[in-house]
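Structure record follows, encoded as structure tokens.
The values are calculated or read from the model by the stated rules, or taken from the named source; none is laboratory data. Note that the structure is a prediction, hence the values are computed from the model and not measured. Every residue, glycine among them, receives a Cβ derived from its backbone with ideal geometry; neighbour counts consider all protein chains shown.
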Amino acid sequence: MENNRIILEAQSVIKQYTQYDAVVTAVNRACIKVVEGEFVAIIGSSGSGKSTFLHLCAGMDRPNAGSIYIRGNNITAMPADVLSRFRGNYMGMIFQNHNLIPQFTALENILIPTTMCNKPDFSYEEHLKRLIKTLGLEDRLHHLPSELSGGQQQRVAIARALINMPQVVFADEPTGNLDRANADEVLELLLEIKAQIGQTLVMVTHDMKIAERADRIYRMDNGELFPVIR
Amino acid sequence: MEELWIKIKRNLARSYKSIRFNWKQYVSFFAAIFLMQSFFWLLMLTLDAQTAQLRKNAEENYDYHISVGNLTQDEAIRLQNGSFAVFLSDKTYEILRVNERQDAYGHITYTLYIELMGDEPEQNLRLFERKYLNPIVNASARASAIIVDYSPLITLTEDIAALRPTYYSILAVFTLVSVLVLMLLYNIRINHFKFMYGIYMAFGADYKKLLYTAAWELITVSLMTLAPALVFAALIRLALSLTLGGSFSVSLVSIPIVFLLNLAVIFAAVALPMRWVSARRPVALLSAEDNANLVSSPRRSFDLFGKRFPRHYVQTSIWRYRTYYLRLLLSSVIFAALSISVLYIGSMYTDNRDAPTVPYTITAQDNEEGIDPLFADAIADIEGVERIEYTYNLEGLPAYSDHLLMPSNRVKTNAFPYYVVSRVQGLRAEPVVLEGFRAINHAAYFPINENTIASLEQQDAADENMTIEGDLRSVLTTPGTVVVSDSIYNSTCFTLKPGDKIQLAQYVKYARAIDQTSSEKNLLRQQLLRYVFDYVELTVGAVIHGMPTDRNIMLGLSDADCVSILGISPVITELSVVTDPALSEAEQEALRANIDDFMYVYSDYVLREAGVYEDAEITHRMGIEQLLTIVAAMILIFFPLVCFFSQLLFYFKRNKEFAILLALGAVDAEICRAHRIEGIMLSLLNFILTLGMSFSLNWIVFSAVNTWLPSYGILETTVRYQYGISPLMLVICLVISLLCGFLSCEIPYHQFISRQKKLAAAADALDDAH
Ligand SMILES: Nc1ncnc2c1ncn2[C@@H]1O[C@H](COP(=O)(O)OP(=O)(O)OP(=O)(O)O)[C@@H](O)[C@H]1O
Ligand SMILES: [Mg+2]
């Protein structure tokens, strides 16, 4: 453990939403430490703040208090522009509701990260071919998201998150819309790629079977994060 | 270099693809950029045309460079001798023609038409002036009488250069407006596509990336419209040239100018909106999609219980989509107002063009006696002469020694602040200002006599803005009675009435000298502090309202008062012959011949020609008015297009909402009525806002042209413009409001319904088949 590098560290992160006159504390003093190459699963009931926490860790949102370090960089203190580039270079995100751009085809959606962030010395073609093949998207590449099934959309979103070979992947219920067989297949794929490039995977899931494959599990309860001891 | 080219090509190809597949999103940009480029082209083509016109005019109508007139025989011979040279290469100039003029007393004067030698006559000009012309002028006892006129052939370069500042400042204003307009449009787009930008940012796009993505798209659009816009503008210009008989020419320099401006506008227009986007958190942009896109968070849900469907639903949805509607309204209002103010500028231009002009001025060689008032009368009676404007020797009075005191209660609150001083603050001593009065800078004195009264009355009759209150002739009968104008720089500053008492503060001596170079307001302060004055009370006999006035109000005194108060007996030093600018060529010639007849008798007067008819002809041929109308019309046609396509996208995104309403049992007719109400409410709001915006924009234009620019010496105050909104403009406001508010709700919704019906029909057909 000691020679392993900590890739993600959150220190008592708080996120609150003010809605008219009520304050919702979606994330309440959450702390987490993730080591390079680890697979961490976050479970919890609906509305407990899992997605919000994942967004904070991925630098998609800013916490009200606390700090988040990725590879030792405090992303909560980064200017918006630097943070954007940082996201493009080191992080991949799979959103809970896919968030595919409706007017782009599947292939175009997958290639967004490559156009937004030109990683030097990196050729996409090989990687792209493999991703598409493993995800079974070969004959759906030129379809619009509205012409894809929920599971196919999910797989496009996964491909989009992995195309840049990011060091950390944040996945928000990547198997939520899939049946058992497909869910397992997608998980295998994620783990395979993870193994190949030593990726770190932080995954929110409802599926205990999937969570059990993780190195460590955290439970989100009403905004608070607890490690689950197995 | 090659790499750059490849990069450009790749970016263009990528943007082109995205534009081709999503052309509906870009229609408004195509329209806007096409419009902008057309304007740029039109402006540059007009500049080219006017340049060509000036050149053509000079080359066709003139063969000489300089004419030297009113010469004695001796002088003429000296000038003629100067033109001889032994070697051709030494020859500076050549006499083309000599005109003789004999007056009633048998005196003969000569006019010599001179051509300068060499390919570049401008270079020979200095030599000619120094070596040949100036010695003759300086030796002449009547130096001021020799009339040296430079023909357009020699002033051509200057004349052309003089066009540039005007055109370039219009271009600058155009550019600014284009940036604003494009920014507005881009904002609408961002509002529609927040989600997309959120995804871009989630996967690493920073400000630079977003900016370039946006800019490349618009650059691609502008490359596609560049040539069509040029053709379109050239066709308009050509049509104008053909109908008005002006020149037509295209200079290649304008192509890079227009393209560079175009690029600048694009970058300026997307820089700010994209900065705003890039500073947002991706989640905030992404959640826009979940919340049906364009909705502003309601903070609190509407209490929908017991509410009737169409009406209340509309109210809530207008509130739901308030930011979107606000943007849409704002841009529609700005477009309509822009178009209306272009029309207003057009009307001002016409007023200016139709204002009486001064083609001839007559001065007396003998300044002691000046011009005979009988002669002035005779000239004033010539047919075609509208009136005579008189210049008297009173103009030479020391400018900064005297000032006027106006009754405080007659000074308007909006009075031009530069000149009106009540009390001097921030200085050690309190200046001497009589109780109840405010000081203004000195007046422009002019004598009131039968001649000037006639001139004023004719001006009053011709100028609908001008009225004379009180009796001008009371000045002649009662000593100490004066005529005053009530404006400074064309804006009414005083509410004077006949019978009011004003004070003329006349310089007696000074306690300390003043700095003559300081600003006018400062000069007045210094005067008040450092000079000692005598006060002369004057009674206002008549007030001239609405007269074009520059920095000094006019103060008219009888001849006797001029002597007793100012100590000068007035003498006419110059006559300006004011005519209708629209005289036909025959009328112009008759007028000139008539004036020449009188000049024959009064041979010691000198006539100078200003060439206004020629200038008027040239500007007429440029068709500026028609151009302004075309521009206004293009803006007008353009906006509903933008509005319509924006609404199309908006409704496309609301399709789900309608589909759900239909699924939950709402009737098509009810939803339709809901939209009609929405449209009417939008139209109403639009109309009110447009009207308000137009009034304000026109006011800014009016104040600028009428008062501000003249006060900085940029424009002249020869015409006083009218402020307001014409019925045509009102109609335009109404039509635009209807188009933007109403139709743009109605049409997209009907499109949705027809699509829905088609789907339903297809489903039925399927059912039947089974
Ligand atoms: N933009 C927002 N404004 C206000 N409240 C919000 C916002 N986003 C989330 N919340 C609230 O924060 C809490 C946590 O939401 P979150 O989406 O993180 O839940 P979750 O654990 O991902 O649930 P699920 O398993 O259903 O996806 C919820 O109570 C939600 O209502
Ligand atoms: Mg969630």
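What the table below lists for this structure:
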read-out	value
Some residue of the range B:182-194 being within 14 Å of chain A (Cβ to nearest Cβ) and of a type in the set (A, V, I, L, M, F, W, C)	yes
Only one of B:Glu746, B:Glu716 that is among the acidic types (Asp, Glu) and not in a helix (DSSP H, G or I)	B:Glu716
Odd one out for B:Pro298, checked against (1) modelled with pLDDT of 80 or more; (2) within 14 Å of chain A (Cβ to nearest Cβ)	(1)
Subset of the range A:184-196 that is more than 16 Å from the chain's Cα centre (by Cα) and either surrounded by 13 or more Cβ atoms within 10 Å (Cβ to Cβ) or within 16 Å of ligand 2 (Cβ to nearest atom) (or both) - its residue that is farthest from the other protein chains (Cβ to nearest Cβ)	A:Asp184
Exclusive hit being in contact with a Leu (Cβ under 9 Å, 6 or more places away or on another chain) and either of a type outside the set (D, E, K, R) or under 25 Å from B:Met44 (Cβ atoms) (or both), set B:Phe638, B:Phe658, B:Phe652	B:Phe638
Strands (runs of 3 or more DSSP E) wholly inside the range A:1-114 containing at least 3 residues that are within 16 Å of ligand 2 (Cβ to nearest atom) and crowded, with 16+ Cβ neighbours inside 10 Å	A:22-35, A:39-44
Residue match in the range A:208-222 (condition: within 16 Å of ligand 2 (Cβ to nearest atom) and touching an Asp or Glu at 6+ places or on another chain (Cβ under 9 Å))	yes
Cross-chain or 6+ apart pairs with Cβ under 8 Å, the range A:89-105 first and within 16 Å of ligand 1 (Cβ to nearest atom), then assigned to a strand (DSSP E or B) and among the acidic types (Asp, Glu)	A:Met93/A:Asp172; A:Ile94/A:Asp172; A:Phe95/A:Asp172; A:Gln96/A:Asp172
Filtered residues of the range B:156-184 (kept if surrounded by 18 or more Cβ atoms within 10 Å (Cβ to Cβ), among the β-branched types (Val, Ile, Thr) and within 30 Å of B:Leu112 (Cα to Cα))	none
The lone exception for A:Glu173 - which of (1) crowded, with 17+ Cβ neighbours inside 10 Å; (2) away from ligand 1 (no atom under 15 Å from the Cβ); (3) more than 14 Å from every other protein chain (Cβ to nearest Cβ) it fails	(2)
Residues within the range A:19-41 that are within 8 Å of ligand 1 (Cβ to nearest atom), β-branched (Val, Ile, Thr) and modelled with pLDDT under 90, tallied	1
Test for A:Val228: is it within 15 Å of ligand 1 (Cβ to nearest atom), more than 21 Å from A:Asn89 (Cβ to Cβ), β-branched (Val, Ile, Thr) and touching a Lys or Arg at 6+ places or on another chain (Cβ under 9 Å)	no
Any hit, the range B:96-111, residues being under 40 Å from the mean Cα position of the chain (by Cα), buried (at least 16 other Cβ atoms within 10 Å of the Cβ) and not in a loop (DSSP other than H, G, I, E, B)	yes
Any helices (runs of 4 or more DSSP H) falling wholly within the range B:600-710 and containing at least 3 residues that are within 22 Å of B:Ala31 (Cβ to Cβ), in contact with a His (Cβ under 9 Å, 6 or more places away or on another chain) and not assigned by TED's automatic domain parsing to the domain that holds B:Leu238	B:624-663
Top-ranked residue of the range A:120-170 - restricted to ones that are touching a Pro at 6+ places or on another chain (Cβ under 8 Å) and not hydrophobic (A, V, I, L, M, F, W, C), ranked as farthest from the other protein chains (Cβ to nearest Cβ)	A:Gln154
When residues of the range A:128-170 are limited to those that are at pLDDT 90 or above and within 16 Å of ligand 1 (Cβ to nearest atom), the one nearest to A:Thr200 (Cα to Cα)	A:Phe170
Selection status of A:Val156, part of a helix (DSSP H, G or I) and either more than 16 Å from ligand 2 (Cβ to nearest atom) or surrounded by fewer than 17 Cβ atoms within 10 Å (Cβ to Cβ) (or both)	yes
Residues satisfying the stated conditions in the range A:42-75, i.e. β-branched (Val, Ile, Thr) and within 12 Å of ligand 1 (Cβ to nearest atom)	A:Ile42, A:Ile43, A:Thr52
Selection within the range A:197-224 - of a type outside the set (A, V, I, L, M, F, W, C), under 30 Å from A:Gln16 (Cβ atoms) and surrounded by fewer than 19 Cβ atoms within 10 Å (Cβ to Cβ)	A:His206, A:Arg216, A:Arg219, A:Asp221, A:Asn222, A:Glu224
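Listed here are the residues, each with its yes/no results for (1) in contact with a helix residue (DSSP H, G or I) (Cβ under 6 Å, 6 or more places away or on another chain); (2) within 14 Å of another protein chain (Cβ to nearest Cβ); (3) under 25 Å from A:Lys209 (Cα atoms).
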residue: A:Arg5; (1), (2), (3): no, no, no
residue: A:Lys15; (1), (2), (3): yes, yes, no
residue: A:Ala30; (1), (2), (3): yes, no, yes
residue: A:Phe39; (1), (2), (3): no, no, yes
residue: A:Ser51; (1), (2), (3): no, yes, yes
residue: A:Gly59; (1), (2), (3): yes, yes, no
residue: A:Ser67; (1), (2), (3): yes, no, no
residue: A:Arg71; (1), (2), (3): no, no, no
residue: A:Thr76; (1), (2), (3): no, yes, no
